[in-house]
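We did not get these values from a lab; they are worked out from the coordinates using the rules stated. The shown structure was predicted, so the numbers you read here are calculated from the model rather than taken from an experiment. Don't worry about glycine lacking a Cβ; one is built from the backbone with ideal geometry, like all the others, and counts go over all protein chains shown.
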Amino acid sequence: MSDYFRIMQDLKSSKYAPVYFLQGEETYFIDQISNYIEKHALTESEKSFNQTILFGKESDFKLVLDSVSRVPMMANYQVVILKEAQSMRSLKDLEGYIKKPFPSSILVICHKHKKIDMRTGFGKAVKANSVFLNATKLYENKVPDFVTKMIQELGFSIDYRALMLLVEYLGSDLSKIANELNKLIINLKPGEEISGEHIEKNIGISKDYNVFELQRALGQKDVQKTFKIFKYLADNIRSNPLIVTISVLFNFYKKLLILKQSAHLSEKEILSRLSLGSPFFLKEYKTAANHYSEPEIIQCIHTLRNFDLRSKGVNNAHTAPEELLKEMQFHLMYPKLV
């Protein structure tokens, strides 16, 4: 992630390199860099003669070389962006050019999902002669901080509980989060703080009846609130898939078990073990841990594993997801009785 911020800082300072090689699983980082270069390296009037977008499936190394070899016309650079480079069979034949690129050209190679072998001649040439990014997926506990930075760059702030609600529902897919945020901020005033109400209204996630609030209610052994949220999720099962609910709750009880077994550790070590980016939610986990014995937590984990299998058809031929959710509710609310 530090490499990404460094590259973006250079680009925003108009410091361009002859070759960029962007690879890895987290396509958001790759798209942000390539999109910035595509949008900002040239003016709109310069792009028609000096910018070329190629796709790996439809290109070979000769076409790429022909494009980067052109002399810029009334512009500082000839910009060539090779998308889906992982699909270009002759990609390695660009090794010679990468070793000695034209200073008047900017070649951006977007190699998504896969990694090249850095031990090969091509890999060594890329490492030594390009601005190289290996875009890895963020760890779960790093996503909230990164999303906060995304929001700040857009000129807004976000309430911490709203942030966690967003991340819990959209997961760690940064491209998906960015898309939802871009739709959300259209309706906000400059500098406004994003709240749970904004997320509910613009993204469709209920601020009061969601799986994030459900785990809080379960942790507090609040029977009335737990029942209301379970009913809402069952009544709106299409927008609240059972598999997502099970996944989030499984993660919740797993963290409770880890917390129970980590009482001797410092707060910093506990935060690391629980993959929590802030002490803010540690208090809630501690409260929940006080309401559950270790055997009860283990029983809840077994319950979730069982209903995960049943939701996938194991020992369950006909029970609908909403009915499974209602049945699961009893097992989680009263683990001593099952």
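Numerical summary
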| item | result |
| --- | --- |
| Cβ-placed point charges (K, R +1; D, E -1), dipole of the chain about Cα centre in debye, nearest 20 | 700 |
| Size of electric dipole in segment 64-139: Cβ of Lys, Arg +1 and of Asp, Glu -1, about Cα centre, debye, nearest 20 | 320 |
| Unsatisfied cross-links (Cα-Cα over 30 Å) in the set 142/231; 183/283; 15/83 | 142/231; 183/283 |
| Stokes-Einstein D in µm²/s, Kirkwood radius over Cα pairs - segment 172-232 at 37 °C with 0.692 mPa s viscosity | 250 |
| About the Cα centre, charge dipole magnitude for segment 8-163 (Lys/Arg +1, Asp/Glu -1 at Cβ), debye | 480 |
| Rh by Kirkwood over Cα pairs, then Stokes-Einstein D for segment 7-68 at 0.692 mPa s and 37 °C, µm²/s | 249 |
| The chain: most fluctuating residue of 225, 283, 92 per GNM, C-alpha cutoff 10 Å | 283 |
| Given [x] 0.97; [y] 1.00; [z] 1.08, the label whose value is Rg/Rh (Cα atoms, Kirkwood Rh) derived from this model | [z] |
